[in-house]
Amino acid sequence: MRSSHSSIVSLAACFVSAAIAQSSSSAPVQPSCSTTLSASYATPTINSAYQFRLVAQKLTAPRGIIFDTAGNMLVLEQRSGIVAMTLEGDGNCVTAGAPKTVVNNTDLNHGIAFSPDGKTLYASTSDDVFAWDYDATTAKTTSDPKQLVTNMTNDDHTTRTLLVPDHVDGIILVSRGSTSNVDFEAQFLDSGHSQIRAFNISNATKPYQYVTDGLRLGWGLRNSVGVAEEPLTGGIYSVENSVDQLSRDNRDIHEDNPAEEMNFHGYLNGTAYAPQGSNYGYPNCVTAWRPDLLPENANITVGTQFKLDDFPTTDQTCMDDRTPPRLAFQAHMAPLDIKFNGNGSAAWVTFHGSWDRTNPVGYKVSAIQFANGSPVEPANSSVAAIDIFANPDNSACPDKCFRPVGLAWDIQGRLFVTSDATGEVYMILRSDGTPTNGSLPDSVINGPRIGSAVASAEPTATSTGGVSGAGSATPTPSSSGSGSAGGASASASGSASASGSAAAASSSGAAVMAMPGSQMAMGVGLGLGVWNWI
């Protein structure tokens, strides 16, 4: 047993519920459980339709979180390994037992996933994806690690998010970020930087090389730490952390630009989507959040891409030849995870917060309304994210507040959230006792969107109206039996089809990589990690 866990207390969290108000007042604590954990910082606030519990403390930088088929809660502790905790109790009062080591590997740093049957555990280091046979009845691995994907090492953004889709068998998605804030190598496909790729792990005979194997879902994705599959259509979405310390025409614009992004990457189930595998802009182009603060801002709106000063391109090229985000978010909120509820009517996103802003933003969990596989809000919306769970005063961040990272649903439909900076796990429940992973309550959809609007230099305006879907850029899949993306078929040679040129792929000509052997064609591209280990 590691000493870091020897003092971990079995815990239960007591009822804490409060509406997020513009005054950002702390939520009252209402003890109703036999054991109560309390935070060492100001108590978080939560939308009145929900309540929360602090269910675990004293973990070592908890990042990824997932539940096995027996209901054990597995948490990947950065630079430590994977631990399992048994949840005891029910409903509001939940106790997490002492962590038990599942995998002892100090190189693990973020990504964790299970196979659909729960019998294989996956986790990632900065360089490798590993798999272990796993027994949920004992919460232990039963084999040595098997290397699945390798050669992903780079500096700066070193997490490797993993996703095992439900709509297609035998595939794992791996997201890799940039090697620096503005990574010039990411212009070239053969760098493997800032991409999301998919690998067929059902018939692999040797480890895949990240750069030359697999299928690309997208590139030009600076640091897309969160990746998820929309449950109704099988569409793949990611949330991306954009550039820090940005200037335009020698003018500092970094406080409110560029935007963080939600991107759509098409499907892995054979449904055709022409832009799949395309270039999403980075490092040449980024997305506007406050276009009014940009020099030379003609034709630039929220969600529009514009050029970086360091590259010989134009704003128009960024608008015409790069795939734009599906939604934009306030600069420097640092989205790190995305999970859909069971009926696909909402996506939940953790905003970890960033150091790169005078007045901190993020440090919260938000929900985004979806319908028919796409966000309800249009691409130029500034109020798509509905704040659910937040710190009462971000001026105390990042040192004295929770910083959400990973999300996971348990079998009862309760949402669990890790906080790496504080070593904690929270549980979010509906106040009315219904599962959290059901539809968002009308009071949430039609209520104020605290901290989501950008009407002023300090974005604190609220929107009280209902959500409008007008202008929504809903993905329009065409029925296709082929597994190719963007009309390009994949060969079976295992060699990359990319030329290494920055212009090799555009939003209108999505190149598709080939999987080795007899693997089926599909795509992926994603980045992840961010400065200060966000």
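Observations
- Applying the criterion of being part of a strand (DSSP E or B) and of a type in the set (A, V, I, L, M) to the residues of segment 239-265, the residue that is nearest to A371 (Cα to Cα) is M262.
- Filter pass, D90 being open to solvent by 40 Å² or more (accessible area, probe 1.4 Å), within 29 Å of A39 (Cα to Cα) and modelled with pLDDT under 95: yes
- V174 without any contact (Cβ under 8 Å) to a residue 60 or more places away in the chain and either surrounded by fewer than 23 Cβ atoms within 10 Å (Cβ to Cβ) or in contact with a Phe, Trp or Tyr (Cβ under 9 Å, 6 or more places away or on another chain) (or both): no
- Once segment 334-367 is narrowed to residues that are in contact with a strand residue (DSSP E or B) (Cβ under 7 Å, 6 or more places away or on another chain) and open to solvent by 10 Å² or more (accessible area, probe 1.4 Å), the residue that is nearest to E230 (Cα to Cα) is F340.
- Against the list (1) at pLDDT 95 or above; (2) within 16 Å of the chain's Cα centre (by Cα), the condition S354 fails is (1).
- Only one of T138, T158 that is open to solvent by 10 Å² or more (accessible area, probe 1.4 Å), farther than 22 Å from A228 by Cβ and outside any strand (DSSP E or B): T138
A quick yes/no check of all residues on (1) at pLDDT 95 or above; (2) over 15 Å from the mean Cα position of the chain (by Cα); (3) closer than 18 Å to P275 by Cβ; (4) in a strand (DSSP E or B):
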position: P165; (1), (2), (3), (4): yes, no, no, no
position: S175; (1), (2), (3), (4): yes, no, yes, yes
position: N203; (1), (2), (3), (4): no, yes, no, no
position: R216; (1), (2), (3), (4): yes, yes, yes, yes
position: Y237; (1), (2), (3), (4): yes, no, yes, yes
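- Residues in segment 214-243 that are among the acidic types (D, E) and open to solvent by less than 10 Å² (accessible area, probe 1.4 Å): E230, E240.
- Test: E230 is at pLDDT 95 or above and farther than 18 Å from T287 by Cβ: yes
- Of residues in segment 141-155 being free of Cβ contacts under 8 Å to residues at least 40 places away in the same chain and under 25 Å from S194 (Cβ atoms), the one surrounded by the most Cβ atoms within 10 Å (Cβ to Cβ): N154
- Hey, G270 within 21 Å of I386 (Cα to Cα), of a type outside the set (V, I, T) and more than 18 Å from the chain's Cα centre (by Cα) or not: no
- Restricting segment 94-119 to residues that are of a type outside the set (A, V, I, L, M, F, W, C) and not in a loop (DSSP other than H, G, I, E, B), the residue that is least open to solvent (accessible area, probe 1.4 Å): T95
- Flag for I388 being among the aliphatic types (A, V, I, L, M) and part of a strand (DSSP E or B): yes
- Of the listed requirements (1) open to solvent by 10 Å² or more (accessible area, probe 1.4 Å); (2) within 28 Å of F114 (Cβ to Cβ), A198 misses just one: (1).
- Candidate set from segment 292-317 (those that are surrounded by fewer than 17 Cβ atoms within 10 Å (Cβ to Cβ) and of a type in the set (D, E)); member that is modelled with the lowest pLDDT: D310
- All positions within segment 371-389 that are over 20 Å from R63 (Cβ atoms) and touching a Phe, Trp or Tyr at 6+ places or on another chain (Cβ under 7 Å): V376, A385, I388
Yes/no per residue for (1) open to solvent by 40 Å² or more (accessible area, probe 1.4 Å); (2) among the charged types (D, E, K, R); (3) touching a Lys or Arg at 6+ places or on another chain (Cβ under 9 Å):
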site	(1), (2), (3)
F389	no, no, yes
P392	no, no, no
G406	no, no, yes
V417	no, no, no
V425	no, no, no
T434	yes, no, no
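The values are calculated or read from the model by the stated rules, or taken from the named source; none is laboratory data. In this text, all values refer to a predicted model and were calculated from it rather than measured experimentally. Neighbour counts are summed over all protein chains in view; Cβ atoms, including those assigned to glycine, are modelled from backbone coordinates with ideal geometry. Heavy atoms of the whole protein, side chains included, go into the accessibility calculation; ligands, DNA and RNA do not. Shrake-Rupley method; radii C 1.70, N 1.55, O 1.52, S 1.80 Å.
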